[in-house]
Amino acid sequence: PMPGIPFLLEELQDHFHHHYQLDYETQEITVTNGATEAIMVGSLALLEKGDEVILFEPFYDSYPVAAELAGAEVKVVTLHGPDFRWDSQELEEAFSERTKLVYLNNPHNPTGRVFTSEELQELSGLVKKYDSYVLSDEVYEFLTFDGRKHIPFATLEGMKKRTLTIGSAGKTFGHTGLKVGWLAASEEVTKAVRMVHQFNVFSVNPMAQYAVAVGLKQRDTYIEEFQKLYAKKRDHLNRVLTDAGLSPLMSEGTYFTFVPLPQSALNKNWDDVTFCRHLIKEHKVATIPPSAFYRKSQEGSKYLRFCFAKTDEVLNKAGVYLKNLEQA
Ligand code: PMP
């Protein structure tokens with residue numbers, strides 16, 4: 001079936017109700033080829049030439065591409081380090097009568113931030129005022145740490161009809177590359193989404209869809225264990241990085257830890273790309289240079305993104321490889 005197999009659509013309906021008391025009809029949910037396809041079809045369904053979109057930088061790199069392929073103009077709002085919050089004035093100034101869509105990623109890749117209810121409410125006020133939509137990329141919905149609760153944007157007052165909520169089985173089951181995702185939105189928006197999905201991929205591998213539905217049914221035992229496992233990995237990587245003389249920021253969610261460049265690298269005038277190359281060549285540790293996720297500010301060149309979705313053995317090895325970092 002083009003929108004997804006009924007077994008999975010019904011399971012997703014139950015998922016939204018069970019975790020968030022969000023009630024969607026099955027005709028408001030579309031199974032996609034990963035969240036990546038959901039981002040693309042959501043953008044192509046809603047946007048046209050003349051529309052503006054707002055992105056928070058650092059952004060997940062497919063957002064500007066999807067928006068621009070759809071013909072929209074991108075406005076960027078910077079999340080300023082070290083706490084990666086937006087500036088309220090900068091945010092309001094980015095809105096205009098042409099703002100059609102805001103891309104929100106919460107929990108946030110690459111900074112590891114989980115936005116607070118106050119921040120989300122501020123955004124919802126502007127979305128209402130400027131009559132726009134939110135593409136809420138919530139692929140890390142279950143990767144929140146230290147007792148933080150994920151708040152789906154669609155649960156904010158008046159936001160359900162304005163929100164395209166995106167999830168990913170690849171992230172939820174720690175199997176990036178699985179490529180089963182979903183998009184929940186009003187029936188009207190879903191109709192447009194499905195028109196694009198129909199002529200994009202038509203449908204998603206049914207065996208993978210069955211597997212995901214069966215996986216989602218294990219929620220009572222799975223999710224807590226999943227969160228604990230990754231909180232442990234986050235702490236493990238933090239210890240490794242701290243022992244190496246780095247000062248990792250505390251990740252609140254996702255698989256990622258954002259780390260400021262050490263003084264030794266800054267003293268040599270290195271940026272994120274130079275330091276990243278150095279770590280690969282000299283220490284066999286690969287990271288992501290976040291400047292690729294920025295368009296407006298230069299802040300990204302002062303950080304690296306580390307991923308802790310690794311075995312204990314690999315994390316320990318990183319510790320050994322990074323031992324002589326400061327002397328480099
Ligand atoms: N959104 C974000 C924020 C991501 O980090 C990723 C994966 N890196 C995706 C979407 C894509 O998810 P999927 O693998 O389900 O296509």
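The values are calculated or read from the model by the stated rules, or taken from the named source; none is laboratory data. Just so it is clear, the structure is predicted and the values come from calculations on it, not from any experiment. Cβ: placed from backbone, ideal geometry, glycine included. Neighbour counts: every protein chain shown.
When the range 29-50 is filtered for residues that are more than 16 Å from the ligand (Cβ to nearest atom) and either β-branched (Val, Ile, Thr) or in a loop (DSSP other than H, G, I, E, B) (or both), the ones remaining, listed by number, are LEU47, GLU48, LYS49, GLY50.
Against the numbered list (1) within 15 Å of the ligand (Cβ to nearest atom); (2) modelled with pLDDT of 95 or more; (3) under 21 Å from the mean Cα position of the chain (by Cα), ALA208 comes up short only at (3). Checked against the criterion of being within 22 Å of ASN33 (Cβ to Cβ) and either touching a residue at least 12 places away in the same chain (Cβ under 8 Å) or within 13 Å of the ligand (Cβ to nearest atom) (or both), the candidates ALA94, ALA184 yield just one match: ALA184. Within the range 289-297, not a single residue is farther than 27 Å from THR78 by Cα, out of contact with any Ser or Thr (no Cβ under 9 Å at 6 or more places or on another chain) and in a helix (DSSP H, G or I). Within the range 175-204, if we keep just the residues that are surrounded by fewer than 14 Cβ atoms within 10 Å (Cβ to Cβ) and part of a loop (DSSP other than H, G, I, E, B), the residue that is modelled with the highest pLDDT turns out to be PHE202. Do we find that PHE115 is in contact (Cβ under 8 Å) with a residue 60 or more places away in the chain, part of a loop (DSSP other than H, G, I, E, B), surrounded by 20 or more Cβ atoms within 10 Å (Cβ to Cβ) and not aliphatic (A, V, I, L, M) in this structure? Answer is no for this residue. Annotation note: of LEU12, LEU101, the sole residue that is assigned to a strand (DSSP E or B), within 16 Å of the ligand (Cβ to nearest atom) and of a type in the set (A, V, I, L, M, F, W, C) is LEU101. Of the numbered criteria (1) surrounded by 21 or more Cβ atoms within 10 Å (Cβ to Cβ); (2) among the aromatic types (Phe, Trp, Tyr); (3) touching a helix residue (DSSP H, G or I) at 6+ places or on another chain (Cβ under 6 Å), the one PHE95 fails is (1). Of all residues in the range 51-84, those satisfying the criterion of being away from the ligand (no atom under 14 Å from the Cβ), over 15 Å from GLY112 (Cβ atoms) and part of a loop (DSSP other than H, G, I, E, B) are ASP51, ALA70, GLY71, ALA72. I'm trying to understand the selection: among the residues of the range 128-144, which are of a type in the set (D, E, K, R) and either within 14 Å of the ligand (Cβ to nearest atom) or part of a strand (DSSP E or B) (or both)? Result: ASP137, GLU138, GLU141. Selection of first residues in the range 37-59 that are of a type outside the set (Asp, Glu) and of second residues that are more than 16 Å from the ligand (Cβ to nearest atom) and part of a loop (DSSP other than H, G, I, E, B), restricted to Cβ pairs under 6 Å at least 6 apart or on distinct chains, gives the following pairs, ordered by first then second residue: SER43/ALA70; LEU44/ALA70; LEU47/ALA70; LEU47/ALA72; LYS49/GLY71; VAL53/ALA72.
Looking only at residues in the range 157-167 that are closer than 17 Å to HIS17 by Cα and touching a Phe, Trp or Tyr at 6+ places or on another chain (Cβ under 8 Å), which one is farthest from the ligand (Cβ to nearest atom)? So, considering only residues that are closer than 17 Å to HIS17 by Cα and touching a Phe, Trp or Tyr at 6+ places or on another chain (Cβ under 8 Å), the one farthest from the ligand (Cβ to nearest atom) is MET159.
Find the residue count for the range 85-98, including only residues that are assigned to a strand (DSSP E or B) and in contact with a Leu (Cβ under 6 Å, 6 or more places away or on another chain). Number satisfying all stated conditions: 1. The residues listed here are LEU237, LEU241, LEU246; of these, the one that is touching a residue at least 60 places away in the same chain (Cβ under 8 Å), of a type outside the set (Phe, Trp, Tyr) and not in a helix (DSSP H, G or I) is LEU246.
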